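Peer 1: Just passing along the structure, written as structure tokens.
The values are calculated or read from the model by the stated rules, or taken from the named source; none is laboratory data. Nothing here was measured: the structure is a model prediction, and the numbers come from that model. A quick note on method: Cβ atoms are made from the backbone with ideal geometry, for glycine too, and the neighbour counts reach across all protein chains shown.
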Amino acid sequence: MVQDTIAAISTGMTNAGIGIVRMSGDKSFDIINKIYRSKGNKKNLDSVESHTIHYGYIVDENEIIDEVLVMIMKGPNTFTAENVIEINCHGGVLVMKKILELLIKNGARCAEAGEFTKRAFLNGRLDLSQAEAVIDIINSKNEYALKSSISQLKGAVLNKIKDIRSKIIYEVAFIESALDDPEHINIDGYKNQLLLVLNGVEEEFDELISSFENGKIIKEGIKVVIVGKPNAGKSSILNLLVREDKAIVTNVAGTTRDILEEQINLGGIGLNIVDTAGIRDTDDVVEQIGVRKAKEYAADSDLIIYVVDSSICLDENDEKIIDIIKNKKVIVLLNKSDLDTIITEDILKNKLKCRVIPISAKENKGIDELEKGIKEMFYHGNISFNDQVYITNVRHKTALNEALESLKMVKNSIINDMPEDFLTIDLVDAYERLGKITGESMGEDLVNEIFSKFCTGK
């Protein structure tokens with residue numbers, strides 16, 4: 001059990017209406033009693049009911065620092081499972097700093113990055129997958145990412161991993177019991193039964209690992225690169241998606257020369273959009289750099305939106321673009337559909353075998369169809385966070401792959417008729433590797449590295 005008491009500012013370091021200074025540890029009540037003065041009730045705060053709020057002042061000797069509301073939460077029914085005090089003060093940077101300095105002066109120390117959540121983990125309040133979900137909630141940039149993180153915080157990943165681990169450890173215990181007491185436990189034909197169990201567990205592994213593609217997109221968003229010839233309407237499409245004039249739009253071909261990047265939420269989907277220079281042959285040195293960058297970004301994208309001016313014929317520049325993107329996930333936006341069209345959907349479908357959406361940036365038409373097309377392309381079926389568990393963390397996926405390899409080694413040992421005690425080696429290894437996800441089989445250094453990515457007040 002961690003003994004010292006930590007404190008930190010838990011709200012943003014900027015002037016705001018409200019600021020929160022949080023403290024956790026055994027000395028929390030001793031410290032708050034030294035600096036808190038009630039306006040009416042003279043009782044010390046350690047004698048009040050847990051999970052109550054009290055109005056008064058924070059004072060340094062006889063000087064009032066701020067008028068505050070103090071929330072009292074007694075362990076173990078708190079986030080850290082320790083005594084926790086939250087001081088709700090006015091949200092000025094100076095006043096928050098003064099209150100924090102006063103807590104430290106009276107016996108607390110400044111919390112390290114993520115130390116409140118780390119204590120929740122160390123004190124058994126959260127497992128490691130739930131702790132990681134906390135920072136994912138804070139960093140969520142779209143509706144799906146938030147729902148997925150909340151699902152993991154509620155124990156979606158933890159419960160799934162615990163269930164799989166229990167199946168594995170049951171088989172280990174059965175083998176060891178049979179080897180210790182062969183007179184009473186018959187293991188004839190057991191290897192065939194174990195194979196059936198392993199096949200079922202392997203299916204669960206495959207389902208979890210295959211969810212990572214959706215999970216990664218849910219968490220990080222889709223990297224979208226907009227390409228096309230100069231003056232096809234790429235920048236107009238970007239402005240339409242962002243709902244703001246981020247890109248300069250003119251009738252002069254080649255206006256966009258550098259890379260513009262924006263993050264948007266399109267119907268709950270996170271899109272990391274990159275607008276690129278128009279791709280064409282040019283003698284302009286600066287434009288050539290922009291074209292080269294456009295090709296590099298296109299090669300590294302999750303999705304390419306190819307904008308085509310439907311009012312003019314395809315030319316050799318279009319053919320070069322089609323050659324660059326033909327093996328990627330592509331949606332073609334047939335822009336300027338409000339004008340007389342020369343290029344049809346069938347022409348582009350024949351060339352790229354992809355979805356073609358007529359759109360008019362000028363008249364704000366086609367965005368709903370684009371949203372539908374992206375969902376169908378990336379999300380396999382409906383996104384649900386009630387029953388489906390999504391793996392969104394690379395560390396979790398790596399541990400699952402390692403555990404799966406250990407189970408495959410068990411199956412190979414069964415096929416090669418290895419002794420039963422030999423099977424337990426890889427079964428235990430799979431069990432331990434799954435424990436990395438929940439934090440039950442983790443080194444201190446890795447735990448510290450994970451929590452170092454958190455903000456200080458969390």
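Peer 1: Starting from residues that are touching a residue at least 60 places away in the same chain (Cβ under 8 Å) and not in a helix (DSSP H, G or I), keep the ones in the stretch 141-155 and report whichever is surrounded by the most Cβ atoms within 10 Å (Cβ to Cβ).
Peer 2: For the stretch 141-155, the residue satisfying everything is ASN142.
Peer 1: While we're here: When the residues of the stretch 185-232 are filtered to those that are assigned to a strand (DSSP E or B) and within 21 Å of the chain's Cα centre (by Cα), which remaining residue is surrounded by the most Cβ atoms within 10 Å (Cβ to Cβ)?
Peer 2: From the stretch 185-232, those assigned to a strand (DSSP E or B) are 222-228; that's our starting set.
Okay, now just the ones that are also within 21 Å of the chain's Cα centre (by Cα), so 222-224.
Details: ILE222: 21, LYS223: 18, VAL224: 25.
Ranking the candidates gives VAL224 first.
Peer 1: Next question, about the same structure. Could you please give the count of residues in the stretch 322-356 that are out of contact with any strand residue (DSSP E or B) (no Cβ under 8 Å at 6 or more places or on another chain), closer than 25 Å to LYS375 by Cβ and among the acidic types (Asp, Glu)?
Peer 2: 1
Peer 1: Here's a follow-up. All but one of (1) closer than 24 Å to ASN393 by Cα; (2) of a type in the set (Gly, Ala, Ser); (3) not in a loop (DSSP other than H, G, I, E, B) hold for SER413, so report the exception by its number.
Peer 2: (1)
Peer 1: Of the numbered conditions (1) surrounded by 14 or more Cβ atoms within 10 Å (Cβ to Cβ); (2) among the aliphatic types (A, V, I, L, M); (3) touching a Cys at 6+ places or on another chain (Cβ under 9 Å), ILE138 fails exactly one; give the number of that condition.
Peer 2: With (1) surrounded by 14 or more Cβ atoms within 10 Å (Cβ to Cβ); (2) among the aliphatic types (A, V, I, L, M); (3) touching a Cys at 6+ places or on another chain (Cβ under 9 Å) applied to ILE138, the lone miss is (1).
Peer 1: Any idea which of LYS353, LYS372 is outside the structural domain of LEU153 (by TED's automatic domain parsing), on the phi < 0 side of the Ramachandran plot, of a type in the set (Lys, Arg) and exposed (fewer than 15 other Cβ atoms within 10 Å of the Cβ)? First the steps, then the outcome.
Peer 2: Values: LYS353 fails: on the phi < 0 side of the Ramachandran plot.
Residue meeting the stated conditions: LYS372.
Peer 1: Residues that are in contact with a Cys (Cβ under 8 Å, 6 or more places away or on another chain) and under 22 Å from GLY92 (Cβ atoms): list the strands (runs of 3 or more DSSP E) wholly contained in the stretch 6-75 that include at least 2 such residues. Full working, then the answer.
Peer 2: Details: elements: 6-9, 16-24, 36-38, 52-60, 63-73.
It comes to 6-9, 16-24, 63-73.
Peer 1: Another one. Could you grab me the full set of residues in the stretch 423-447 that are surrounded by fewer than 14 Cβ atoms within 10 Å (Cβ to Cβ) and not in a loop (DSSP other than H, G, I, E, B)?
Peer 2: GLU444, ASP445, LEU446
This table checks each residue for (1) crowded, with 16+ Cβ neighbours inside 10 Å; (2) under 33 Å from the mean Cα position of the chain (by Cα); (3) at pLDDT 85 or above.
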| site | (1), (2), (3) |
| --- | --- |
| SER310 | yes, no, no |
| ASP318 | yes, no, no |
| LYS326 | no, yes, no |
| ASN335 | yes, no, no |
| THR344 | no, no, no |
| HIS380 | no, yes, no |
| SER384 | no, yes, no |
